[in-house]
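Worksheet: one structure, shown below.
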Amino acid sequence: MSYGNPCLRHKIVLLPGDGIGSEVTNAAVQVMKTVAENFNVTLKFEERLIGGCSYEKFGTPLTDETLQACYDSDAVFLGAVGGPKWEALPHQLKPEAALLKLRKALGLYTNIRPAKIYNALINSSTLKKEVLQGTDFIVLRELTGGIYFGNPRGFDKERGWNTMEYTREEVERIARMAFKIAQGRRKKVVSVDKANVLEVSQFWRNIVHEVHKDYPDVELSDMYVDNAAMQIVRNPKQFDVILTSNLFGDILSDIAGMITGSLGMLPSASIGNKYALYEPVHGSAPDIAGQSKANPLAAISSVAMMFNYSFQMQKAAEVIEEAVERTLAKSYRTQDIYSDGCSLVTTQQMTNCVIENFNEIFNEQALGVFTL
Ligand code: NAD
């Protein structure tokens, strides 16, 4: 029994980066290979340096060759960059500058972060179980426009200023992305703005409603950002897809991420019209690098997002997600999510367990199809 199309070949550029970046990327690649074997697709990998390790070798955190490899890819997978060794470098040479340059160069205008509750971790959240149970939504944040990029910007002794600006094209393309993604989910988009105070938000709202006319099967509502922040912690179950601008999304995606548990659990995708980049939300964690303590689940869930959004292999993504859920249900925990009575495991042991569960679920489901 096999799913997928054996003719399908995907080129994935791996950018492990610094610190635990290489440890979690190694875990992610093992899961990608398991998917490829089971779902009958061919994955071709090309590994490149980025961040501090690239600076050490080439004197820049992002070389033209690495960027070109990303342009030639079907998807990019990134571990993490940065570390104390490179903190004092000038801004443009810092490892983190490579990320901003990469996102801009690849035109990755949408950042997607899921907020999904794993039943096995529900008690480690700061919110009540009854509030959290069944929570499963995503935050779509506009990533290459808005106040973080607007001009004029600056400050002097008496004044500081920034510009929040959106063009029609910028709002239209992310609104389309939100409605399309919602069509594959529960078909509900909440567009978050501050239209009662900001003209740019009124403009955002108008365009989102215009685009919505092309997606009548999706329900659209508007919410002010202050209310949205409150609603995410009051009743997160009400959301399916939250669509919002760069600044509001920066804040809301962190709130949404943290209600569901640890930093080591949070995946992300950054998508544009031609390219896509998948990465765990966490950084290079220099405090635990090289100690086999890194939680690989954020990276592994980022792999699920890659199969879903870049390769349209929703079934593979579902099996990965279920394998993560089953691993947690069997009480395997890395140090960051450990609680009494659970089994403390290394990065590789956790990865092995996810792969075992993946194969188990795949076989169960293949048998189910076979016996129909
Ligand atoms: P961090 O995310 O690296 O670590 C914060 C804390 O969470 C640490 O205690 C770390 O041990 C823990 N942690 C993070 N990921 C974990 C995982 N997978 N498993 C277990 N524990 C985990 O954030 P930081 O310490 O503020 O930053 C360290 C470096 O990473 C800095 O140079 C920062 O600029 C960089 N950074 C990079 C990215 C990125 O590459 N996208 C994101 C954030 C920070």
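The values are calculated or read from the model by the stated rules, or taken from the named source; none is laboratory data. No experiment lies behind these values; they were computed from the predicted model shown. Virtual Cβ from ideal backbone geometry, glycine too; neighbours counted across all protein chains shown.
Please specify each residue of the stretch 176-185 satisfying the condition of being in contact with a Phe, Trp or Tyr (Cβ under 9 Å, 6 or more places away or on another chain) and either surrounded by fewer than 21 Cβ atoms within 10 Å (Cβ to Cβ) or on the phi > 0 side of the Ramachandran plot (or both).
Listed by number, the residues that qualify are Arg176, Lys180, Gln183, Arg185.
From (1) within 8 Å of the ligand (Cβ to nearest atom); (2) modelled with pLDDT of 95 or more; (3) surrounded by fewer than 24 Cβ atoms within 10 Å (Cβ to Cβ), pick out the condition that doesn't hold for Ala294.
It is condition (3) that Ala294 fails.
Please work out which one of (1) within 15 Å of the ligand (Cβ to nearest atom); (2) touching a residue at least 60 places away in the same chain (Cβ under 8 Å); (3) of a type in the set (Phe, Trp, Tyr) is the condition Tyr332 fails and give its number.
The failed condition is (2).
Kindly indicate whether Leu344 is within 23 Å of Gly261 (Cα to Cα), within 16 Å of the ligand (Cβ to nearest atom) and surrounded by fewer than 23 Cβ atoms within 10 Å (Cβ to Cβ).
Yes.
Scan the stretch 277-291 residue by residue and report those that are more than 7 Å from the ligand (Cβ to nearest atom) and small (Gly, Ala, Ser).
Ala289, Gly290
Looking at Ser262, Ser245, which is the one that is over 30 Å from Arg333 (Cβ atoms) and not basic (Lys, Arg)?
Answer to the check: Ser245.
Would you say Thr135 is among the hydroxyl-bearing types (Ser, Thr, Tyr), farther than 29 Å from Asn26 by Cα and in contact (Cβ under 8 Å) with a residue 60 or more places away in the chain?
Details: among the hydroxyl-bearing types (Ser, Thr, Tyr): yes; farther than 29 Å from Asn26 by Cα: yes; in contact (Cβ under 8 Å) with a residue 60 or more places away in the chain: yes.
Spelling it out, Thr135 is indeed among the hydroxyl-bearing types (Ser, Thr, Tyr), farther than 29 Å from Asn26 by Cα and in contact (Cβ under 8 Å) with a residue 60 or more places away in the chain.
Restricting attention to helices (runs of 4 or more DSSP H) lying wholly within the stretch 1-109, give those where 1 or more residues are in contact with a Leu (Cβ under 8 Å, 6 or more places away or on another chain), within 16 Å of the ligand (Cβ to nearest atom) and charged (D, E, K, R). Outline the logic, then answer.
Working: elements: 21-39, 52-58, 64-71, 95-105.
Correct list: 95-105.
Kindly indicate whether any position in the stretch 61-74 is in contact with a helix residue (DSSP H, G or I) (Cβ under 9 Å, 6 or more places away or on another chain), free of Cβ contacts under 8 Å to residues at least 24 places away in the same chain and either closer than 25 Å to Glu360 by Cα or of a type in the set (S, T, N, Q) (or both).
Yes: one or more hits.
Please work out which residue is surrounded by the fewest Cβ atoms within 10 Å (Cβ to Cβ), limiting yourself to the stretch 220-257 and to residues that are modelled with pLDDT of 95 or more and among the hydroxyl-bearing types (Ser, Thr, Tyr).
Ser221
Determine, yes or no, whether Asp193 is more than 17 Å from Gly146 (Cα to Cα) and of a type in the set (D, E, K, R).
Considered against the rule, which asks whether it is more than 17 Å from Gly146 (Cα to Cα) and of a type in the set (D, E, K, R), Asp193 comes out as no.
State whether one or more residues within the stretch 268-278 are within 23 Å of Leu143 (Cβ to Cβ), among the aromatic types (Phe, Trp, Tyr) and surrounded by fewer than 22 Cβ atoms within 10 Å (Cβ to Cβ).
As a first pass, look at the stretch 268-278 and keep what is within 23 Å of Leu143 (Cβ to Cβ): 268-278.
Add one more test, that the residue is among the aromatic types (Phe, Trp, Tyr), and what stays is 275, 278.
The next check asks that each one be surrounded by fewer than 22 Cβ atoms within 10 Å (Cβ to Cβ); those that pass are 275.
Yes: the stretch 268-278 contains one or more residues that are within 23 Å of Leu143 (Cβ to Cβ), among the aromatic types (Phe, Trp, Tyr) and surrounded by fewer than 22 Cβ atoms within 10 Å (Cβ to Cβ).
Scan the stretch 79-119 residue by residue and report those that are of a type in the set (A, V, I, L, M) and at pLDDT below 90.
Taking the stretch 79-119 and keeping what is of a type in the set (A, V, I, L, M), we get 80-81, 88-89, 93, 97-100, 102, 105-106, 108, 112, 115, 117.
Within the stretch 79-119, Leu100, Ile117 meet the criteria.
Against the conditions (1) aromatic (Phe, Trp, Tyr); (2) under 30 Å from Asp287 (Cα atoms); (3) touching a residue at least 12 places away in the same chain (Cβ under 8 Å), where does Phe58 fall short? Just the number, please.
Going through the list (1) aromatic (Phe, Trp, Tyr); (2) under 30 Å from Asp287 (Cα atoms); (3) touching a residue at least 12 places away in the same chain (Cβ under 8 Å), Phe58 breaks only (3).
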